[in-house]
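The values are calculated or read from the model by the stated rules, or taken from the named source; none is laboratory data. Computed from a predicted structure; not experimentally measured. Neighbour counts run over all protein chains shown; Cβ positions are idealised from the backbone, glycine included.
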Amino acid sequence: MNYLLDPIRKHYIDFNGRANRTQFWLWALWLAGISIALQILVFIGAMMDSGFLSGLFSLVLILFGLGTILPGLAITARRLHDIDRSAWWILIALVPFIGAIVLLIFELLPGTPGENRFGQIPQ
């Protein structure tokens, strides 16, 4: 459970240090699960022809997305630090198609063993 809550409780906008693969991918899974659940609720509200419910869940989805932008960037930066790359590599995602693939490959790589220029291996 710590892997899910630590990015919010301890590292909400902490761009320093390292994040291992487990911490990063459990965070990504948690984000995807909550987003999908909220999108399903928006769809159900729309299918029930309830503008109120659909609008309410859409607002919650937007607020959830806005609230998780910074921690998402921070954990991605710490994940890149774990493979001894600068957080500036996040900007490669701005290159259409290829940038996202390169960033995904970086996120899948194992971290550097021992200490690197960004600190110790995360516990």
Confirm whether Ile40 is at pLDDT 90 or above, touching a helix residue (DSSP H, G or I) at 6+ places or on another chain (Cβ under 8 Å) and assigned to a helix (DSSP H, G or I). no
Taking the range 54-77 as the search range and keeping residues that are touching a helix residue (DSSP H, G or I) at 6+ places or on another chain (Cβ under 8 Å) and within 21 Å of Gly17 (Cβ to Cβ), which one is surrounded by the most Cβ atoms within 10 Å (Cβ to Cβ)? Ile75
Out of all the residues in the range 29-43, which are more than 30 Å from Ile92 (Cα to Cα) and in contact (Cβ under 8 Å) with a residue 12 or more places away in the chain? Leu41, Val42
Does Leu61 meet the test of being part of a helix (DSSP H, G or I) and in contact (Cβ under 8 Å) with a residue 24 or more places away in the chain? yes
What pairs come out if I take residues in the range 69-98 that are within 20 Å of Asn116 (Cβ to Cβ) and pair them with residues that are assigned to a helix (DSSP H, G or I) and among the polar types (S, T, N, Q) whose C-beta lies under 6 Å away, six or more apart or interchain? Ile90/Thr76
In the range 25-53, the residues that are more than 30 Å from Leu103 (Cβ to Cβ) and either touching a His at 6+ places or on another chain (Cβ under 8 Å) or exposed (fewer than 13 other Cβ atoms within 10 Å of the Cβ) (or both): Met47, Met48, Asp49, Gly51, Phe52
Within the range 78-123, considering residues that are over 18 Å from Trp25 (Cβ atoms) and among the acidic types (Asp, Glu), the one surrounded by the most Cβ atoms within 10 Å (Cβ to Cβ): Asp84
When you go through Gly51, Gly72, Gly45, Gly55 one by one, which is the residue that is within 15 Å of the chain's Cα centre (by Cα) and either at pLDDT 95 or above or of a type in the set (Gly, Ala, Ser) (or both)? Gly72
Can you tell me how many residues within the range 75-123 are basic (Lys, Arg) and within 14 Å of the chain's Cα centre (by Cα)? 2
Just wondering, is there one or more residues in the range 93-105 that are closer than 26 Å to Tyr12 by Cβ, assigned to a helix (DSSP H, G or I) and not aliphatic (A, V, I, L, M)? yes
